[in-house]
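Asker: One structure, as structure tokens, below. Some questions next.
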Amino acid sequence: MKKFAPPLLSIVLLLSLCVVPSSAASLSGFEKKLDYKEGQFVDVPASSTWAANVRTVYEFGIMTGKTASKFQPADNVTVGQAIIMACRLHNTYYANEATFGDTGIRPYVEYALKQGIISKEYGNYSSPVSRAAFAMILGASLPNAVLPAINDVKDGAIPDVEKGANYYDAVYLLYRAGVLTGSDAKGTFGPFSHITRGAAAAIVSRMVDESLRKTITLDTPYFTAVPMKRLANLKSIQKGASDTELTQAYNAALEIIVPYAGMSREEQLYGIVSELRQLAEDGMEYSTTAAHYNDPYGYFVLGVASCAGCARATGLCLNILGISYEHVNEDQWGHQWCRVNVDGTYWICDAYGLYCGPEPAPYEHPYL
């Protein structure tokens with residue numbers, strides 16, 4: 001079986017080496033309010049990836065530490081915290097002189113609703129904010145005029161931001177302005193992933209200080225993933241997973257399949273089966289009784305599966321690439337796998353059964 005080395009993609013915001021000249025006049029309302037002392041946060045040493053960004057957002061009064069001595073850059077940003085950052089940006093730029101007091105999130109939410117930063121109430125302001133929501137909230141905090149395009153980012157060039165998505169315009173605005181750069185050379189955004197405080201500091205610092213913005217070029221539409229809710233085999237793939245659990249599985253599958261998006265159909269199938277087989281060999285627990293043993297959440301997140309779970313995990317990868325398949329022996333007490341039509345020849349994709357290739361005869365597995 002042909003096997004491809006699995007590049008490990010992480011959905012984090014990378015820092016480019018390129019910067020753009022400052023034109024601070026357009027952001028003259030932003031002034032340093034606080035003094036940042038070296039070593040102020042013990043978890044953000046001078047050598048940290050986020051050190052310069054944390055200094056900037058602290059000095060401008062947009063973000064502070066979780067405690068007096070810790071910034072906690074690896075913690076997730078909540079919906080409420082994203083709104084607070086956006087309100088502080090908006091209030092400072094427009095010199096509204098609004099006071100929010102120490103009464104919790106409500107004054108910020110009311111300000112955000114009034115100023116059009118958000119269009120509706122969120123159900124849980126303490127839940128982690130997705131990158132998509134963060135981009136929408138922060139993108140609405142400043143006028144487009146102070147976020148001019150410095151980057152050539154063609155429509156459709158960000159591989160996992162679908163045309164028509166409600167966050168599409170905000171993400172492309174921030175990419176073109178040099179505020180967002182993506183997690184890899186292809187510009188992967190990771191809209192359904194959470195965002196850390198360190199990554200948020202990088203974004204906000206670039207919004208208030210134009211000299212920190214990054215130059216990138218994404219001029220070739222590369223790959224548009226099929227959105228989770230439009231997967232051809234969605235009902236089967238989801239099985240017993242909740243929407244939140246399926247989202248986690250979808251994100252894990254997306255990391256696996258992106259490197260194979262531009263390859264031939266045969267290479268894609270070999271690559272998916274190879275990657276999923278490696279997961280199985282890296283400590284996967286075989287079970288037909290554990291929770292989620294038969295869905296992609298069990299396979300990708302919990303590390304537990306049966307051949308049914310492996311088939312649905314494989315199917316998720318295939319569907320994200322826009323490849324249709326048949327789940328052979330679905331919901332039967334027997335071995336299960338994915339059957340794919342490759343230019344008129346049916347292939348078996350079966351990581352658990354150690355086979356990827358043309359079927360010897362219709363629905364016949366060469367090893368089972």
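Asker: In a loop (DSSP other than H, G, I, E, B), of a type in the set (A, V, I, L, M), at negative phi and surrounded by fewer than 19 Cβ atoms within 10 Å (Cβ to Cβ): does that describe Ala74?
Answerer: yes
Asker: Yes or no: the stretch 115-133 includes at least one residue that is touching a Pro at 6+ places or on another chain (Cβ under 8 Å), part of a helix (DSSP H, G or I), at pLDDT 95 or above and aliphatic (A, V, I, L, M).
Answerer: Yes; the residues of the stretch 115-133 include at least one that is touching a Pro at 6+ places or on another chain (Cβ under 8 Å), part of a helix (DSSP H, G or I), at pLDDT 95 or above and aliphatic (A, V, I, L, M).
Asker: Moving on. For Arg206, indicate whether it is at pLDDT 95 or above, open to solvent by 60 Å² or more (accessible area, probe 1.4 Å) and either among the aliphatic types (A, V, I, L, M) or more than 17 Å from the chain's Cα centre (by Cα) (or both).
Answerer: Against the criterion (at pLDDT 95 or above, open to solvent by 60 Å² or more (accessible area, probe 1.4 Å) and either among the aliphatic types (A, V, I, L, M) or more than 17 Å from the chain's Cα centre (by Cα) (or both)), Arg206 does not qualify.
Asker: Here's another thing I want to ask about it. Looking at the structure I just gave you, is Thr217 buried (at least 23 other Cβ atoms within 10 Å of the Cβ), in contact with an Asp or Glu (Cβ under 7 Å, 6 or more places away or on another chain), among the polar types (S, T, N, Q) and more than 26 Å from Lys70 (Cα to Cα)?
Answerer: Taking the combined requirement at face value, the residue does not satisfy it.
Asker: What about Val153, is it modelled with pLDDT under 95 and closer than 27 Å to Ser48 by Cβ?
Answerer: no
Asker: With (1) open to solvent by 30 Å² or more (accessible area, probe 1.4 Å); (2) under 20 Å from the mean Cα position of the chain (by Cα) as the list, and Leu279 as the residue in question, which single condition is left unmet?
Answerer: (2)
Asker: Within the stretch 307-320, is even one residue of a type in the set (Lys, Arg) and open to solvent by 20 Å² or more (accessible area, probe 1.4 Å)?
Answerer: no
Asker: Still on this structure: For the structure I just gave you, tell me whether Ile272 is in contact with a Pro (Cβ under 9 Å, 6 or more places away or on another chain), in contact (Cβ under 8 Å) with a residue 40 or more places away in the chain and in a helix (DSSP H, G or I).
Answerer: no
Asker: Right, another one. Do any residues in the stretch 309-320 that are among the charged types (D, E, K, R) have Cβ atoms under 7 Å from those of residues that are in a helix (DSSP H, G or I), where the two are at least six apart or on different chains, and which pairs are they?
Answerer: Listed by first residue and then by second, the contacts come to Arg312/Ser236; Arg312/Ile237; Arg312/Pro296.
Asker: Another one. Can you name the residue in the stretch 222-260 that is open to solvent by 80 Å² or more (accessible area, probe 1.4 Å) and in a loop (DSSP other than H, G, I, E, B) and is also nearest to Leu180 (Cα to Cα) among such residues?
Answerer: Applying the filter and picking the extreme gives Tyr222.
The values are calculated or read from the model by the stated rules, or taken from the named source; none is laboratory data. As the structure is a prediction and not an experimental result, all values here were calculated from the model. All Cβ positions, glycine included, derive from the backbone under ideal geometry; neighbour counts span all protein chains shown. These area figures cover heavy atoms from the full protein model, side chains too; ligands, DNA and RNA do not enter into them. Shrake-Rupley method; radii C 1.70, N 1.55, O 1.52, S 1.80 Å.
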